[in-house]
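Bear in mind that the values in this text are calculations on the coordinates, not laboratory data. Quantities reported herein were computed from a predicted structural model and do not represent experimental measurements. In this analysis, Cβ positions are derived from the backbone assuming ideal geometry, glycine residues included, and neighbour counts consider all displayed protein chains.
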């Protein structure tokens, strides 16, 4: 039994099935895979977020050293901003997860996660570990070490410098250092040992650089006696690229964070500071003293000799010539005593055998989405493009169904196909990120299945296994069932097969504001997940809210068809908040899910199922009738919130800004990071300032201090900094309590800063001209007051306002005080 558990654990972490498009390696790729097959050494790189990883080092370790290289990102990046769309929080985490997966495909690493949730910026690890469940995250790091079995761990950040960088960063290094000692102790996290075994890495490093010393000059003078110096600026003939060029392509996958990167060439060094473990005699050879040959296994010598012969005699013109020896090596690997190496190397060599034989095995569904209880048609394809004598013995499916495709001889270059019907059980799981299926906390995802912890991607179980034999040896090759189609522009397009509910619904707005006692229309969109959908839809609300009609009939003929239904929602007389939910009933079964598709060209299509809810707020708020021109920044939903408040909002294109265009408006507002990402603003700033000068109001939401498109974004000097208040419940002090903005049309009090989400604000100005008036002050515990959250200045006859408050988070979350304060900013000149 113990042996089977170890086997299972090895399968858990080895070679996640990332993506859907089949690999088609060329001869150079195959030879590179053989080199990696003959290296028995693992390295785990650990940091806090997507985009923290050093892709230059990961690429070097994977492609030059040939080590199996993993990146453990403790979070999925939910707390960041989004430069490519409106998705925030868990939806942004889904995007950033996929960006990491795509990055690893390029640099050759493997991706893993813990259950920690990126709750936003944290100034120190003490706060971080209070919000995260430290014991759970530490358990996840230990689990990663025990299942990945790294010989070497590399921390991206320094565990000895709390308070000098993001708290998540330092916490990741602190947890790594602690886990290094605990992973080999059987009495620590003993429940894991039902699936894996203790493991002791040999050494742990800190991936230092001049940045951690403050300047290149200081780094040059620093003591480097404990630092390994790696020359990572190598050139890879098999790829036709330098290591830095591959790393830049990997780094550029982080499009949501704006990390497009240009590759470089030539010599370049990386530095690793030895922290603890067994120090190498040759400090510049990370694996010094660690046997990375097949001889590290007591029964590995014969495998190593055989694979050394394969590598030496590899024929680029005829890779198939290596198959007989590869099959012998595969058989020997199946006899290895160590289940970890047996499983890791079995998966590696299977890929090489398939590539050398030109094996193409595929299972394609006739639909991209289907429902539990349905039947889909699956087309199988198998072809052997080599002189090797392969036989397809049989295929097995999950879910199980009989497929009559046995004993097929795969002769050279003869394409074989067949089709069969696959029926899904009625209780088949919907496709969804496994870590979002259960309600989490501010700091943690909830994942109760031990074997899922650490997995990077959505778990899609629908698959086909092809059992092929050659030389009397049977080898299973498993393929996920996918969907593909031909696009007239893109050509062959692959997408995952998704299992969806029979019906989903979406409330059109996520927050409904009721500033007065008037009723509000609530629009619900119902989507059919199957043909001939018939049922009803209703809006569930608390008893003190009234909805009409109680329910409406739904009839949709085609899968994917949508229909919109309008309900009238009436609030109670007193101020109140409510969660409203749309519910579709079909054949006595209720469906309460909202299906959200995330579709960007740089990642595979993703589907997220969330509860089909929205927030309704009867708000004690006064607004006027200002007309607002909104300049979109880096993707936010503020315009929708302004419309909910009753304002007439027009999203204007920056290039079209003219005095004539702006003349009908009372207020112009720029979205988050607009002055970082909207280049046209560099040429339109005078138009905007003239608008203010004429007696109007301009509200500028936060920008970062890097890469501003113009230095003249404000009428008077102000200097943006990295100052922020991350404690959303930090006390707010009113510096100018009698100022109009704090009193009209709503009296702003400390209660209006109750219930803020993730952070109060970010990138506050730290210096400003005397023309500006600072209205509020706040600070995180133990820090000096930050007064730059709202700065107001007269300019001509009008008013210019700069604010770093996180309205882009608070308004879509339905925070009442954020709406009241925004109304006052808008009415600054009313």
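Below is a table of values for the structure above.
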| read-out | value |
| --- | --- |
| Rounded to 5, the percent of DSSP beta bridges in the range 585-689 classed as antiparallel | 50 |
| Protection proxy ranking of 220-229, 526-535 - average other beta-carbon atoms within 10 Å, highest first | 526-535, 220-229 |
| Relative packing of peptides 511-520, 93-102 - highest average C-beta neighbours within 10 Å first | 93-102, 511-520 |
| Segment residue 461-residue 360, extension gain: residue separation times 0.36 nm, minus the distance between their alpha carbons | 34.3 nm |
| Cα gyration tensor shape of the range 602-670, rounded if a/c is under 1.5, else prolate or oblate by comparing a/b with b/c | oblate |
| For the range 629-652 versus the range 281-302, the gap between their alpha-carbon centres in whole angstrom | 60 |
| DSSP bridge orientation in the chain - percent antiparallel, rounded to nearest 5 | 70 |
| Ranked by how many other beta carbons lie within 10 Å on average, peptides 751-758, 175-182 from highest | 175-182, 751-758 |
| Cα gyration tensor shape of the range 169-311, rounded if a/c is under 1.5, else prolate or oblate by comparing a/b with b/c | oblate |
| Sum of -39500 (n - 2.57) over DSSP H runs of 4+, divided by residues of the chain (222 nm, nearest 500) | -7000 deg cm²/dmol |
| Computed lengthening from residue 658 to residue 292, 0.36 nm per intervening residue step minus Cα-Cα distance | 125.1 nm |
| The range 503-618 shape via C-alpha gyration tensor axes, a/c threshold 1.5 | oblate |
| Using distinct alpha-carbon pairs, which all enter the 1/r mean, Kirkwood radius of the chain in Å | 29.6 |
| Alpha-carbon centroid distance for the pair the range 731-793 / the range 107-148, whole angstrom | 33 |
| Where labels lie 7 Å past Cα in the beta-carbon direction, separation of residue 648 and residue 235 in nm | 6.5 |
| Cα-based convex hull volume of the range 400-445 per residue, rounded to whole Å³ | 155 |
| Simple label model, 7 Å out from Cα along Cβ direction - residue 771 to residue 216, nm | 3.8 |
| Gain on full stretching of the segment that runs from residue 267 to residue 27 - 0.36 nm per residue minus C-alpha separation | 83.7 nm |
| Paramagnetic reach from residue 299 in the range 324-354 [backbone N under 20 Å; point 7 Å along Cα→Cβ] | 326-350 |
| Order of 764, 483, 213 - criterion: other Cβ atoms within 10 Å of each residue's Cβ, fewest first | 213, 483, 764 |
| Inter-site label distance for residue 281 and residue 738 at 7 Å from Cα along Cβ, in nm | 8.1 |
| Beta bridge orientation in the range 41-290: antiparallel %, DSSP, nearest 5 | 40 |
